[in-house]
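Presented below is the structure to which this report refers.
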Amino acid sequence: MAPTIMMRPIKKDWQRQSQSESEDDDMVGKKDIMPLVMLQVGQHFVPLVITMVGLPARGKTILAYKIQQYLNWTNHKAKVFSVSSYRRKHIELYSSHDLFRKENSEAAEIRQLSAQEAQDDATKWLQDGGDVAILDGTHITQARRQTVYDHFAKVMGYKVLFIECVCDDEMLIEHNVKEVMQFSKDYRNMSSEKALDDFHHKIEHYMEQHEPMKPKTDGYSYIKYLNAGESLTVCRLNSPMQSEVLAFVSNFKPLAKTFYFSRHGESENNVLGRIGGDADLSVRGRTYAAALARYFNNENRLEGLRVWTSELRRTHQTAQGIKAPIEPVPFLNELYAGVCEGLSYEEVQCKFPQEFAWRDQDKLQYRYPWGESYIDIMTRLKPVLLELEGDIDNLLIISHQAVLRCLLGYFLNKKHEELPYINVPLHTIIKLTLSGYKCKMEVIKLNIECVDTYRMQPKNCSVNRSTDDALQTVPAHFENLSLWNHAPIVQL
């Protein structure tokens with residue numbers, strides 16, 4: 001089946017930036033700098049600085065890291081600079097909320113220094129080729145926000161977007177506080193009761209100095225994120241990148257959620273070692289479909305379970321016994337192999353040896369003639385990711401090896417070049433539990449025999465290699481289906 005969407009070319013720099021844990025706490029009262037005249041030429045394409053604003057426990061850090069994750073996925077180099085992480089370099093052992101008192105001038109100097117260090121590192125990183133720097137701090141005073149704006153917009157010539165996280169839902173605030181207690185380094189050595197009391201005092205110190213933003217008079221590009229995405233206010237967005245950030249923020253809901261991923265059951269083409277196509281399930285694949293249905297239809301089955309499949313028969317056949325709404329999603333179709341659809345690796349090597357070598361050299365960006373690449377799949381999966389970042393929960397996605405590699409790679413923060421070699425075996429359920437910006441993976445192997453379709457990158461990727469070298473890592477498969485020409489072991 002041909003792909004639904006044709007994709008645009010993608011640039012080649014795929015290195016993700018590492019993440020660091022943070023918790024907001026900014027409360028403060030080499031290359032040469034590129035000349036501003038040069039920046040004016042491409043004003044809409046200059047770097048963007050996203051500045052998080054708001055009291056503690058309003059969801060700033062989660063949103064900051066999720067924006068980073070999404071932008072990196074969409075081939076923008078984004079990085080979070082956590083002010084609190086810089087503060088911890090100066091004060092390794094957090095003792096109490098007194099650090100945040102307005103009267104504590106010594107601590108205020110440390111916080112101010114931390115904010116400056118984050119700003120300096122963000123500047124250097126953008127000068128070295130970054131696209132988006134995200135300052136994760138409270139920035140609760142107008143003076144602090146103006147300092148950030150003056151430096152990045154007026155001195156550096158960059159775009160600046162303020163995202164203010166506001167929360168007036170007490171239950172949501174208490175939920176956020178519990179997450180801070182769980183993940184913040186400041187409270188690792190405190191009892192839960194003491195940590196909770198300390199954090200509430202910390203919030204009070206911030207509230208004494210808090211100056212809410214005034215979007216109508218401040219003059220900044222601005223997004224107000226109210227009650228974890230219940231509503232948004234937007235002012236003065238003025239670049240494509242800011243609009244892309246808005247697209248994510250308007251969809252994102254920071255809820256705990258669980259997703260299940262499974263490849264279709266073993267197909268007849270899997271048995272024969274053939275690429276793509278729209279084959280039916282093998283007998284063992286139908287056995288897996290029955291086992292998958294039993295797994296999700298048991299007496300403890302998930303409330304509100306939904307199932308998404310691709311448009312291809314093998315995913316429909318895998319899902320048909322599950323007692324839940326089933327929706328075919330074209331974005332979940334397998335990577336389309338163009339002229340190589342339905343061929344075995346041996347046949348690809350025989351007919352198109354140069355193409356086969358090129359794909360081994362750069363599996364991420366290689367596009368089959370009249371077909372797709374992994375980059376194309378990542379692009380067409382953007383609507384799926386935005387949906388998954390919303391308020392959906394208890395979802396089973398039954399799709400294909402390349403597609404699931406990309407989806408899992410997104411949530412597990414894999415580097416792009418790792419995606420084509422993530423092992424997603426047949427007859428296996430992968431469970432992801434998301435909480436904040438953390439992700440836990442569990443692998444559930446159903447005990448049904450199948451072929452192994454995983455192919456490692458061969459050592460020799462030269463276009464002049466021998467056939468033996470080219471086929472060195474091709475997984476074992478069968479020449480015909482004669483062993484499976486009998487009734488299914490288990491009928492659905």
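The values are calculated or read from the model by the stated rules, or taken from the named source; none is laboratory data. If you're wondering where the values come from, they're calculated on a predicted model, not measured in any experiment. Ideal geometry is used to build each Cβ from the backbone, glycine not excepted, and the neighbour counts take in all protein chains shown. In case anyone asks, the SASA skips ligands and DNA or RNA and just uses the protein heavy atoms, side chains included. Shrake-Rupley method; radii C 1.70, N 1.55, O 1.52, S 1.80 Å.
Details
- For Trp308, the residues whose modelled amide H falls within less than 5 Å of its own, excluding neighbours fewer than 5 places apart on the same chain, are Glu327, Leu396, Ile397, Ile398.
- ³J(HN,Hα), Karplus 6.51/-1.76/1.60, whole Hz, each residue of the stretch 171-182, x for Gly, Pro: 5, 5, 4, 5, 4, 5, 4, 4, 5, 4, 4, 6
- Trypsin sites (Lys or Arg not before Pro) within the stretch 420-468, DSSP loop, no more than 15 other Cβ atoms inside 10 Å: Lys459
- Dividing the C-alpha radius of gyration of the stretch 261-332 by 2.2 N^0.38 Å, with N its residue count, gives 1.11.
- Centre-to-centre, using Cα atoms only, the stretch 323-346 and the stretch 86-107 are separated by 55 Å.
- Taking amide hydrogens as placed 1.01 Å from N in the peptide plane, the amide H of Phe81 sits under 5 Å from those of Ile134, Leu135, Asp136, each at least 5 positions away in sequence or on another chain.
- Solvent-accessible surface of the stretch 257-479, taken per residue with a 1.4 Å probe and all protein chains present: 40 Å².
- Using Cβ point charges alone (K and R +1, D and E -1), the dipole size of the chain about the Cα centre works out to roughly 700 debye.
- For the stretch 257-479, the Kirkwood estimate of hydrodynamic radius, built from reciprocal distances between every pair of different alpha carbons, is 18.0 Å.
- Judged by the mean number of other Cβ atoms found within 10 Å, the most tightly packed of the peptides 90-101, 163-174 leads the ranking 163-174, 90-101.
- Pairs of Lys residues in the stretch 257-479, spaced 8 or more positions apart or belonging to different chains, with C-alpha separations under 16 angstrom: 10 in total.
- With 20 Å bins from 0: P(r) over the chain, alpha-carbon pairs, percent: 22, 47, 27, 5, 0
- The alpha-carbon positions of the stretch 130-172 define a convex hull whose volume is 88 Å³ per residue.
- Calculated accessible area for the stretch 48-251 comes out at 41 Å² per residue, all protein chains present (probe 1.4 Å; ligands, DNA, RNA ignored).
- About the centre of its Cα atoms, the stretch 48-251 shows a dipole size close to 600 debye [charges on the beta carbon of Lys, Arg (+1) and Asp, Glu (-1) only; nearest 20 debye].
- Share of carbon and sulfur in the accessible heavy-atom surface of the stretch 257-479 [1.4 Å probe, %]: 47 percent
- Carbon and sulfur %, accessible surface of the stretch 48-251 computed with the full protein complex present, 1.4 Å: 50 percent
- Stretch gain in nm, segment Glu174-Val474, where the contour uses 0.36 nm per residue and the Cα spacing is subtracted: 102.7 nm
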